[in-house]
Number of protein chains: 2
Amino acid sequence: MLKVGILGGGQLGRMLLQAAANYPVETYLLENDEAAPAAHLCHHFVKGDIRNFDDVYRFGKGLDALTIEIESVNEDALERLEAEGVRVYPRPSALRTIKNKITQKQYYTQHGIPTAEYIITQNLDGVRARMDMLPAVHKLGMGGYDGKGVQMMRTKEDVEKGFEQPGVLEKMVVVDKEIAQIIAIGDKGETAIYPPVDMVFDQRLNLLDYQISPADLPQSVLWKVEAISLRAVKELKSPGIFAVELFVTKQGDVYVNETAPRVHNSGHHTIEANYSSQFDMLWRVILGYPMGNTEAILPGAIVNLIGAEGCSGEVHYEGLEEVLSMDNVFVHIYGKKETKPGRKMGHVTIISREKQDLVYKAHKIKNTLRVINKEAHTQLAAEAARKSEEEASEARAMTTGGR
Amino acid sequence: MLKVGILGGGQLGRMLLQAAANYPVETYLLENDEAAPAAHLCHHFVKGDIRNFDDVYRFGKGLDALTIEIESVNEDALERLEAEGVRVYPRPSALRTIKNKITQKQYYTQHGIPTAEYIITQNLDGVRARMDMLPAVHKLGMGGYDGKGVQMMRTKEDVEKGFEQPGVLEKMVVVDKEIAQIIAIGDKGETAIYPPVDMVFDQRLNLLDYQISPADLPQSVLWKVEAISLRAVKELKSPGIFAVELFVTKQGDVYVNETAPRVHNSGHHTIEANYSSQFDMLWRVILGYPMGNTEAILPGAIVNLIGAEGCSGEVHYEGLEEVLSMDNVFVHIYGKKETKPGRKMGHVTIISREKQDLVYKAHKIKNTLRVINKEAHTQLAAEAARKSEEEASEARAMTTGGR
């Protein structure tokens with residue numbers, strides 16, 4: 001059996017290990033937190049810091065292959081391991097290019113891949129000097145993650161919220177749709193492309209509402225999305241799974257926003273909706289098996305379960321039972337004990353022949369299932385009890401009045 | 001999070017733990033073999049003997065609920081734990097009834113559930129005295145598993161291969177079809193019925209060839225299968241997952257063959273082919289969630305991967321790559337390091353809108369994928385090399401001759 005290590009034990013590692021149990025592979029996990037979502041699902045748990053050279057090097061030495069579930073890993077150690085014969089997915093050189101938003105942007109330019117107009121900034125003064133770029137987005141070169149390290153700049157005042165460290169100042173694109181495209185690349189360079197995903201945003205809150213796949217795109221845009229994504233990942237010259245996020249304008253122009261060199265949130269629906277899921281596919285790539293079938297069994301959508309604002313501490317999933325009683329819905333709870341505002345705590349997948357049904361259920365799930373803490377749950381339960389008591393006493397009063 | 005223990009760490013435990021990672025549950029596993037298929041997928045591995053009272057009692061004490069993946073567990077300990085408040089799926093009383101083939105048969109009779117005519121035998125003399133029952137099947141009361149403890153008796157000579165321990169002598173039914181029916185029962189007695197499974201046998205070898213679901217049954221037989229199965233499990237008065245195996249005759253009569261009070265080989269296709277798999281469903285039952293949707297997403301079939309005759313030792317999956325290149329096929333390898341003749345080493349699921357495609361692929365997989373040992377693999381590779389060398393030299397001879 002091949003020995004394969006994963007750096008990072010979050011939900012992506014968890015789902016990767018669920019899929020691993022279909023194949024003959026011995027799994028290793030490097031992670032600092034023994035209670036992390038993936039920690040109990042591997043053959044060998046190794047406690048250590050994925051950002052530390054020695055920890056990563058010691059972990060990877062002697063394994064057949066390595067992969068990551070987060071970009072913030074020590075790529076120097078990965079480079080050394082690769083030189084010593086360990087196969088790494090993605091290749092450390094690809095990870096290095098993508099990890100820094102500055103080199104990522106330069107890579108797109110260098111290979112003629114359409115991306116929003118940008119300049120590189122060394123500090124806030126560099127931003128102040130280029131007010132002509134506004135409205136813009138300021139992105140931290142290194143260390144941004146999950147919405148952190150990204151600052152929208154619509155007005156002069158917003159500029160002061162920018163970053164003093166090196167980054168990218170990017171002209172805001174007037175976006176009609178945001179699309180995610182998952183692509184797999186094998187050791188021999190063979191590729192497999194998933195149907196694109198439509199990332200639907202709540203315009204009012206500027207938050208991701210739900211994702212739906214296959215995305216509804218005219219043929220003329222679809223081929224551009226596929227061709228541009230394919231180019232964006234192929235030039236990285238690395239096997240693995242990649243997620244390309246793209247902007248599509250009303251005019252049908254397509255720009256690459258960002259690329260992730262790993263399994264990705266936008267591909268979670270593939271677990272139930274596609275023949276070979278993104279997790280299954282990564283194992284096929286690593287184990288040297290033929291590529292899987294990316295085709296959809298049925299259209300799918302996912303809703304992310306995000307920790308509610310104002311709620312921290314021991315998690316409670318309000319409305320979970322109601323969602324579990326829906327017919328064509330699959331719940332994935334990541335097993336994190338504590339919720340925090342904005343923390344990814346799980347997701348729900350819907351599959352259906354009817355896109356209307358996907359959209360209807362996605363909204364229903366968003367309105368039904370809330371990730372809160374125990375205190376908020378107790379409060380909600382008390383309110384519900386008081387309300388039903390009030391209603392009962394009103395009903396009694398009315399009955400009495402009616403006599 | 002609820003603390004739930006599983007007795008037994010085989011492939012059923014493995015798939016149960018794969019499904020557990022979708023829910024907030026802390027998993028415990030009691031198993032003697034640290035390298036068992038499920039051993040690495042739980043939160044807490046406890047080494048111990050599932051047949052030993054103290055091991056099971058100590059393991060279950062303090063847990064919220066327990067389930068089994070094999071019948072050969074210590075039910076005295078389970079009964080004590082149940083009395084002390086641990087929920088057990090299935091209830092120990094149900095397990096006790098089913099575990100002994102004698103009490104299982106008596107249970108069917110008692111509740112008017114149609115089953116093949118039988119007598120109870122104490123020893124071989126008891127069988128010899130009832131030659132009028134032939135052709136018959138002699139089943140060991142306790143301890144039979146996976147084809148062991150079952151003896152076909154067609155002739156007088158066969159009788160001598162019977163069992164000296166208490167058992168059941170059952171008249172052979174002339175079977176048109178063998179059907180398996182998976183049923184889930186919740187804590188409040190609510191039930192959910194999966195589409196029935198057609199267990200297709202190789203008539204020549206008398207071996208299970210493949211399973212296909214939904215089974216092709218006329219309405220008049222279908223309702224009988226459902227009604228009889230439901231009765232067979234309801235009278236056990238226990239929540240859990242149950243698999244009822246039935247015989248259907250050419251005349252459309254339906255008889256219960258056996259019941260298993262747990263997730264079952266005949267339900268493996270539900271992982272990909274049905275909205276809620278049998279494993280997902282058992283977690284819903286144990287965690288007190290609403291029942292899942294048993295409906296098929298698409299028709300499905302499975303082929304069991306069984307250790308080939310004459311092959312023991314380190315396993316090799318000959319033809320695995322070819323099967324992995326098939327479009328609508330899902331491979332499940334159970335991670336057992338050693339193969340043995342007849343050992344269950346994995347299964348392959350096929351899903352398809354077309355039943356013809358299921359049957360075609362099932363046969364193709366059976367002819368393509370063989371579970372052999374490393375030695376046999378080396379031999380096959382050498383033979384293939386020699387053959388291609390011969391062909392090359394013949395081709396050279398012909399070319400020379402042709403000059």
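Any chance the stretch A:3-23 includes a residue that's at positive phi and under 17 Å from the mean Cα position of the chain (by Cα)?
Yes: one or more hits.
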Taking the criterion of being among the charged types (D, E, K, R), assigned to a strand (DSSP E or B) and either outside the structural domain of A:GLN18 (by TED's automatic domain parsing) or in contact with a Pro (Cβ under 9 Å, 6 or more places away or on another chain) (or both), would at least one residue in the stretch A:383-396 satisfy it? no
Is there a residue being among the hydroxyl-bearing types (Ser, Thr, Tyr), surrounded by fewer than 17 Cβ atoms within 10 Å (Cβ to Cβ) and in the same structural domain as B:ASP209 (by TED's automatic domain parsing) anywhere in the stretch B:179-191? yes
Filtered residues of the stretch A:346-358 (kept if surrounded by fewer than 20 Cβ atoms within 10 Å (Cβ to Cβ) and assigned to a helix (DSSP H, G or I)): A:LYS355, A:GLN356, A:ASP357
Enumeration of residues in the stretch A:277-292 that are facing chain B (nearest Cβ under 10 Å), in contact with a Phe, Trp or Tyr (Cβ under 9 Å, 6 or more places away or on another chain) and of a type in the set (A, V, I, L, M): A:LEU287
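Tell me yes or no: at least one residue of the stretch B:151-169 is of a type in the set (A, V, I, L, M, F, W, C), in contact (Cβ under 8 Å) with a residue 12 or more places away in the chain, over 26 Å from B:ASN265 (Cβ atoms) and not in a loop (DSSP other than H, G, I, E, B). Reasoning before the result, please.
Kept after step one, since they are of a type in the set (A, V, I, L, M, F, W, C), are these residues of the stretch B:151-169: B:152-153, B:159, B:163, B:168-169.
Subset that is in contact (Cβ under 8 Å) with a residue 12 or more places away in the chain: B:152-153, B:159, B:163, B:168-169.
Subset that is over 26 Å from B:ASN265 (Cβ atoms): B:159.
This time we only want the ones that are not in a loop (DSSP other than H, G, I, E, B), so: B:159.
For the stretch B:151-169, residues of a type in the set (A, V, I, L, M, F, W, C), in contact (Cβ under 8 Å) with a residue 12 or more places away in the chain, over 26 Å from B:ASN265 (Cβ atoms) and not in a loop (DSSP other than H, G, I, E, B): present.
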I'm checking my understanding of the structure. Among residues of the stretch B:252-301 that are of a type in the set (Asp, Glu) and in contact with a Pro (Cβ under 9 Å, 6 or more places away or on another chain), which one is surrounded by the most Cβ atoms within 10 Å (Cβ to Cβ)? B:GLU295
Complete set of residues in the stretch A:9-19 that are surrounded by 23 or more Cβ atoms within 10 Å (Cβ to Cβ), among the small types (Gly, Ala, Ser) and out of contact with any helix residue (DSSP H, G or I) (no Cβ under 6 Å at 6 or more places or on another chain): A:GLY13
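Evaluate the following for B:ILE241: is it in contact with a helix residue (DSSP H, G or I) (Cβ under 6 Å, 6 or more places away or on another chain), farther than 30 Å from B:TYR360 by Cβ, buried (at least 20 other Cβ atoms within 10 Å of the Cβ) and aliphatic (A, V, I, L, M)?
Considered against the rule, which asks whether it is in contact with a helix residue (DSSP H, G or I) (Cβ under 6 Å, 6 or more places away or on another chain), farther than 30 Å from B:TYR360 by Cβ, buried (at least 20 other Cβ atoms within 10 Å of the Cβ) and aliphatic (A, V, I, L, M), B:ILE241 comes out as yes.
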Test of understanding: among A:GLY252, A:GLY189, A:GLY240, which residue is under 20 Å from the mean Cα position of the chain (by Cα) and on the phi > 0 side of the Ramachandran plot? A:GLY240
Only one of (1) surrounded by fewer than 22 Cβ atoms within 10 Å (Cβ to Cβ); (2) among the charged types (D, E, K, R); (3) not in a loop (DSSP other than H, G, I, E, B) is not met by B:LYS361, so which one is it? (1)
Considering residues of the stretch A:120-146 that are touching a strand residue (DSSP E or B) at 6+ places or on another chain (Cβ under 7 Å) and of a type in the set (Lys, Arg) only, the residue nearest to A:VAL174 (Cα to Cα): A:LYS139
Subset of the stretch B:293-340 that is out of contact with any strand residue (DSSP E or B) (no Cβ under 9 Å at 6 or more places or on another chain) and at the interface with another protein chain (Cβ under 8 Å from one of its Cβ atoms) - its residue that is nearest to B:ALA19 (Cα to Cα): B:ASP327
Quick check on A:ALA232: is it crowded, with 18+ Cβ neighbours inside 10 Å and not in a helix (DSSP H, G or I)? no
Restricting to the stretch A:340-370, count the residues that are closer than 30 Å to A:ALA35 by Cα and either acidic (Asp, Glu) or in contact with a His (Cβ under 8 Å, 6 or more places away or on another chain) (or both). 4
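Is it the case that A:LEU66 is within 15 Å of A:VAL88 (Cβ to Cβ) and touching an Asp or Glu at 6+ places or on another chain (Cβ under 8 Å)?
Against the criterion (within 15 Å of A:VAL88 (Cβ to Cβ) and touching an Asp or Glu at 6+ places or on another chain (Cβ under 8 Å)), A:LEU66 does not qualify.
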Residue satisfying condition, being under 27 Å from A:ASN328 (Cα atoms) and in contact with a helix residue (DSSP H, G or I) (Cβ under 8 Å, 6 or more places away or on another chain), within set B:LEU246, B:LEU217, B:LEU230: B:LEU217
Among the numbered conditions (1) within 23 Å of A:ASN328 (Cα to Cα); (2) out of contact with any Ser or Thr (no Cβ under 6 Å at 6 or more places or on another chain); (3) surrounded by 17 or more Cβ atoms within 10 Å (Cβ to Cβ), tell me where B:LYS336 comes up short. (1)
Go through (1) farther than 20 Å from B:TYR210 by Cα; (2) more than 13 Å from chain A (Cβ to nearest Cβ); (3) among the β-branched types (Val, Ile, Thr) one by one and return the number of the condition B:ILE372 breaks. (1)
Across the stretch A:23-75, which residue is surrounded by the most Cβ atoms within 10 Å (Cβ to Cβ) among those that are under 25 Å from B:VAL25 (Cβ atoms) and hydroxyl-bearing (Ser, Thr, Tyr)? A:THR27
Considering only the stretch A:200-220, state which residues are farther than 19 Å from A:GLU295 by Cα and not in a loop (DSSP other than H, G, I, E, B). A:VAL200, A:PHE201, A:ASP202, A:LEU207, A:LEU208, A:ASP209, A:TYR210, A:SER220
In this structure, is A:VAL127 outside any helix (DSSP H, G or I), aliphatic (A, V, I, L, M) and in the same structural domain as A:ARG154 (by TED's automatic domain parsing)? no
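Quick grid of which residues meet (1) within 12 Å of A:THR349 (Cα to Cα); (2) of a type in the set (Ser, Thr, Tyr); (3) assigned by TED's automatic domain parsing to the domain that holds A:LEU17; (4) more than 21 Å from the chain's Cα centre (by Cα):
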{"residue": "A:HIS264", "(1), (2), (3), (4)": "no, no, no, no"}
{"residue": "A:GLY267", "(1), (2), (3), (4)": "yes, no, no, no"}
{"residue": "A:LEU282", "(1), (2), (3), (4)": "no, no, no, no"}
{"residue": "A:GLY288", "(1), (2), (3), (4)": "no, no, no, yes"}
{"residue": "A:ALA308", "(1), (2), (3), (4)": "no, no, no, no"}
{"residue": "A:GLU322", "(1), (2), (3), (4)": "no, no, no, yes"}
{"residue": "A:VAL331", "(1), (2), (3), (4)": "yes, no, no, no"}
{"residue": "A:GLY335", "(1), (2), (3), (4)": "no, no, no, no"}
Could you list all residues from the stretch B:132-175 that are out of contact with any helix residue (DSSP H, G or I) (no Cβ under 6 Å at 6 or more places or on another chain) and among the acidic types (Asp, Glu)? B:ASP132, B:ASP146, B:GLU157, B:ASP158, B:GLU160, B:GLU170
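The values are calculated or read from the model by the stated rules, or taken from the named source; none is laboratory data. Being a predicted model, the structure only gives us computed values, none of them experimental. As a convention, Cβ positions derive from the backbone with ideal geometry for all residues, glycine included, and neighbour counts pool all protein chains shown.
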